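Presented below is the structure to which this report refers.
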Amino acid sequence: MKNIRIAIIALAAIIMASCAPEKKEPHPQNVIYLIGDGMGFGAVTSLLLTEDSLTGFEKAPVIGLSETQSANSHVTDSPAGGTALACGTRVKNGVVGIHPVDSTHLTSILEKAKTWGKKTGIVVNTTLTEATPAAFYANVEKRSMGFEIARQFTESDVDVAIGAGLSAFINRPDSLDLTATLIEKGYDVYLNWKSVLNTTSEKYVGILSMGDVHRRNKPTTIKPGAAAGDEVCLAAKLAADAADEADTTIFSEPHLYLEKATAKALTALEKNAPNGFLLMIESAIIDGYGHNNDSEGMIEEMQEFDRTLQMLIEYVNSHPSTLLVVTADHETGGTGIGYKSHAVGEKAPVSLTFSTKGHTGTVVPIFAYGEGAEKFSGVMKNTDLPAKIEALIK
Ligand SMILES: [Zn+2]
């Protein structure tokens, strides 16, 4: 009798446990990490004041704050800020991915994602070897070591990368043609925007002209160096093909580059990705307008950023197992909406005021969307972001 009673109690406990609401920890398949270089509160505010319709920032269900200092300064630069967001460790200003005490090479969340079976991508509107993207795949003592950063890029195994900066790959002191190295490693390499837009490849590098990726830059002519001696190097041949296919779309609608390149990378990354993907996107030139104290330029930049963000929010909404994290590596310009300089009137243009030509150490905003977004609420260190992403996707 006693045994029967125990069996009934045990059975009841099992039934109750199975009926209790299941508390499921978020575990997103895909992560999209959108970084606005130098995008502080002034930059975000300038967009909110300029736009009549709802911006992507206002659609964020979760908002946090990130403290951006580096290992040796309250005011970080992009190499240290990028490393904190990529590797979860504060390094000294100027350094990319190398520990400040024991000099070990740090591993980024992008590299880790690769080892967990995810596809990975990088999209930037600057050179692929600039400090912020470099922090996701390179380890160098100085951001200026572009040739070494490019060499390390060829070893990164990133599936899709779109940005600028061909000269670090071909006009090299070691005479290597790294576009050939990439092709040997199984990449398709494209040196013009049209080829990137038309490709169905799932493993490619688009190394475009600076004029392709940002309206501020004049279109540059690709001039491969005498890298391969008297022979015309591979990049020269690719560049010649590019000239034949010259496409002016990007010059007539330059503000669409970041959005279009991001959408293009997403289509390649989501194919044949049973374990999902991690895509890092950097809008790099918000920082440049901050350094130049250029209010109009910064607002235009924020409008391009918002178009990309709105597209990504739609992507997250239609792909529920996706986490989108948006933040900045630091603030640039000490931006604000100063009382005296601000025009009055219902449709007065917004004018930012600046307090410095450099970076500042103020906290920057975090906006999070999709599965696991709630983990990014509150005040945190810049280094917490990759740690939180890792805890969610590992
Ligand atoms: Zn800067």
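The values are calculated or read from the model by the stated rules, or taken from the named source; none is laboratory data. Since the model is a prediction, treat every value here as computed from it, not as a measurement. Glycine also receives a Cβ, built like all others from the backbone with ideal geometry; neighbour counts cover every protein chain displayed.
Do we have residue 280 as within 21 Å of residue 163 (Cα to Cα), in contact with a Pro (Cβ under 9 Å, 6 or more places away or on another chain) and buried (at least 18 other Cβ atoms within 10 Å of the Cβ) here? Answer is yes for this residue.
For every residue, the table says whether it meets (1) farther than 23 Å from residue 214 by Cβ; (2) in a loop (DSSP other than H, G, I, E, B); (3) charged (D, E, K, R).
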| position | (1), (2), (3) |
| --- | --- |
| 274 | yes, yes, no |
| 279 | no, no, no |
| 290 | no, no, no |
| 297 | no, no, no |
| 301 | no, no, yes |
| 320 | yes, yes, no |
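Between 45, 50, the distinction of being at pLDDT 95 or above, among the hydroxyl-bearing types (Ser, Thr, Tyr) and over 24 Å from residue 388 (Cβ atoms) belongs to 45 only. Considering only residues of the stretch 271-309 that are polar (S, T, N, Q) and over 15 Å from the mean Cα position of the chain (by Cα), which is farthest from the ligand (Cβ to nearest atom)? Once the filter is applied, the top-ranked residue is 272.
State whether the residues of the stretch 338-361 include one that is buried (at least 20 other Cβ atoms within 10 Å of the Cβ) and of a type in the set (D, E, K, R). Checked the stretch 338-361: no residue is buried (at least 20 other Cβ atoms within 10 Å of the Cβ) and of a type in the set (D, E, K, R). Scanning the stretch 30-58 for residues that are β-branched (Val, Ile, Thr) and within 16 Å of the chain's Cα centre (by Cα) yields a total of 3. There is no residue in the stretch 190-210 that is modelled with pLDDT under 55 and not hydroxyl-bearing (Ser, Thr, Tyr). Considering the stretch 70-90, and only residues there that are touching a Gly at 6+ places or on another chain (Cβ under 6 Å) and in a loop (DSSP other than H, G, I, E, B), the residue that is surrounded by the most Cβ atoms within 10 Å (Cβ to Cβ) turns out to be 75. Restricting attention to the stretch 41-78, the residues being within 15 Å of the ligand (Cβ to nearest atom), in contact with a strand residue (DSSP E or B) (Cβ under 6 Å, 6 or more places away or on another chain) and farther than 28 Å from residue 307 by Cβ number 1.
Applying the set (1) modelled with pLDDT under 95; (2) more than 16 Å from the ligand (Cβ to nearest atom); (3) of a type outside the set (Asp, Glu) to residue 262 leaves exactly one unmet item: (1).
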